[in-house]
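Read the structure below first, then the notes.
The values are calculated or read from the model by the stated rules, or taken from the named source; none is laboratory data. As the structure is a prediction and not an experimental result, all values here were calculated from the model. Positions of Cβ are generated from backbone atoms using ideal geometry, with glycine treated the same way; all protein chains shown enter the neighbour counts.
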């Protein structure tokens, strides 16, 4: 979730358990803990969605790759490179 989208969404207070030394260092560096946690969670959600999509579409991707291997790229004769 990009930062611009995060500021427009509804925010909900949440309790997290974090490594105390990491939290201490982050605060000393002036890092916004909430935004950083949100960014990390958004990245994890994105990665898991991508992995799920790849698993759900593995057969279609394999079929498409097999077709290209057997028949070449459709419209390949029109390629300029």
Which condition from (1) surrounded by 10 or more Cβ atoms within 10 Å (Cβ to Cβ); (2) modelled with pLDDT of 95 or more; (3) not in a helix (DSSP H, G or I) is the one that residue 66 breaks?
(3)
Condition met for residue 41 (part of a helix (DSSP H, G or I), within 23 Å of the chain's Cα centre (by Cα) and surrounded by 11 or more Cβ atoms within 10 Å (Cβ to Cβ)):
yes
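Inspect all residues belonging to the range 12-32 and state whether any of them is part of a helix (DSSP H, G or I) and modelled with pLDDT under 95. Reasoning before the result, please.
Narrowing the range 12-32 to residues part of a helix (DSSP H, G or I): 20-28.
Of the ones still in play, those that are also modelled with pLDDT under 95 are none.
No, the range 12-32 contains no residue that is part of a helix (DSSP H, G or I) and modelled with pLDDT under 95.
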